[in-house]
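A.B. asks: Can you read through this structure? Questions will come right after.
The values are calculated or read from the model by the stated rules, or taken from the named source; none is laboratory data. If you're wondering where the values come from, they're calculated on a predicted model, not measured in any experiment. Glycine gets a Cβ as well: all are built from the backbone with ideal geometry, and neighbour counts include every protein chain shown. For accessibility, only protein heavy atoms count, side chains too; no ligands or nucleic acids. Shrake-Rupley method; radii C 1.70, N 1.55, O 1.52, S 1.80 Å.
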Amino acid sequence: MTEQALRDTMVMLGASLFQRGYATGGAGNLSAKLPDGTLLATPTGSCLGRLDPMRLARVSMSGEHLGGDRPSKEVAFHLAIYHNKPNCQAVVHLHCTHLTALSCLEGLDPANVIRPFTPYYVMRVGQLPLIPYYKPGDARIAGELGRRAPEGNAFLLANHGPVVTGKDLVDAVNNMEELEETARLALLLHGQRIRYLSEPEVDELRRIKP
């Protein structure tokens, strides 16, 4: 994908997420790798529903601001993921309602916040490790995500929200949407007797590409 095509795609997907209530105000950020190895990222404080393709930030893999508006301070943890997960081409971080609500609950399993109960959660996301709470912008978030990046496609920041990766920006957004729907269902089913997927069923699904 050319740089202009990626800029246009980021603006289109940001607007779609905003219009459907996945993002509000200036919360959340997107990034994706350009063909030359640099990153395109949403600017600091920008609303995903009102992005300007020519003002998107361009950032080197060392974190140097190369062009456009200043990137979000959270681009640091995006970079930590890219450095430690070579096949990652895009990162989406949102404060979407159900995943953020889930991130605020006590007693979550830090290894996997959502126990598998639907096939596409397993196929698209796999599992959802919990990252301990640190204030937004804290360097320890990047440290935790960098260390755990090879483990999977998605992570939940405690009392904050999800971070999801993908093989491109469209894939990362699709993974995020599947994860948010799974969180919505998990909260809807809370207190009910859930038929969870068995280990053999999960293993079978892991071998299927969505």
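A.B. asks: Test of understanding: among L128, L189, L179, L185, which residue is under 18 Å from the mean Cα position of the chain (by Cα) and more than 25 Å from T9 (Cα to Cα)?
C.D. replies: Of L128, L189, L179, L185, the one residue that is under 18 Å from the mean Cα position of the chain (by Cα) and more than 25 Å from T9 (Cα to Cα) is L128.
A.B. asks: Tell me, yes or no, whether the range 9-21 has at least one residue that is in a strand (DSSP E or B) and open to solvent by less than 40 Å² (accessible area, probe 1.4 Å).
C.D. replies: No: the range 9-21 contains no residue that is in a strand (DSSP E or B) and open to solvent by less than 40 Å² (accessible area, probe 1.4 Å).
A.B. asks: Go over the candidates V113, V122 one by one and state the one that is crowded, with 21+ Cβ neighbours inside 10 Å, touching a Pro at 6+ places or on another chain (Cβ under 9 Å) and within 14 Å of R206 (Cβ to Cβ).
C.D. replies: The match here is V122.
A.B. asks: Given (1) under 15 Å from the mean Cα position of the chain (by Cα); (2) open to solvent by 10 Å² or more (accessible area, probe 1.4 Å), where does V92 come up short, assuming only one miss?
C.D. replies: (2)
A.B. asks: Which of (1) surrounded by fewer than 14 Cβ atoms within 10 Å (Cβ to Cβ); (2) in contact with a Pro (Cβ under 9 Å, 6 or more places away or on another chain); (3) touching a residue at least 24 places away in the same chain (Cβ under 8 Å); (4) not aliphatic (A, V, I, L, M) does R195 not meet, given it meets every other one?
C.D. replies: All conditions are met except number (2).
A.B. asks: Scan (1) farther than 24 Å from T182 by Cα; (2) crowded, with 20+ Cβ neighbours inside 10 Å; (3) of a type outside the set (S, T, N, Q) for the single condition H78 breaks and write down its number.
C.D. replies: (1)
A.B. asks: Provide a single number: the residues in the range 1-29 that are over 15 Å from E177 (Cα atoms), at pLDDT 95 or above and among the hydroxyl-bearing types (S, T, Y).
C.D. replies: Of the residues in the range 1-29, 1 are over 15 Å from E177 (Cα atoms), at pLDDT 95 or above and among the hydroxyl-bearing types (S, T, Y).
A.B. asks: Looking only at the range 135-151, how many residues end up being part of a helix (DSSP H, G or I) and exposed (fewer than 15 other Cβ atoms within 10 Å of the Cβ)?
C.D. replies: 5
A.B. asks: Quick check on the range 152-159. Is at least one of its residues farther than 23 Å from G107 by Cα, at pLDDT 95 or above and open to solvent by less than 20 Å² (accessible area, probe 1.4 Å)?
C.D. replies: So far as the range 152-159 goes, no, none of its residues is farther than 23 Å from G107 by Cα, at pLDDT 95 or above and open to solvent by less than 20 Å² (accessible area, probe 1.4 Å).
A.B. asks: Still on this structure, I have one more. Which members of the range 161-177 meet the condition of being touching a Phe, Trp or Tyr at 6+ places or on another chain (Cβ under 8 Å) and either surrounded by fewer than 20 Cβ atoms within 10 Å (Cβ to Cβ) or of a type in the set (F, W, Y) (or both)?
C.D. replies: Hit for the range 161-177 is E177, nothing else.
A.B. asks: Now for a different question. Filter the range 136-154 down to residues that are free of Cβ contacts under 8 Å to residues at least 60 places away in the same chain and hydrophobic (A, V, I, L, M, F, W, C), then give me how many there are.
C.D. replies: 1
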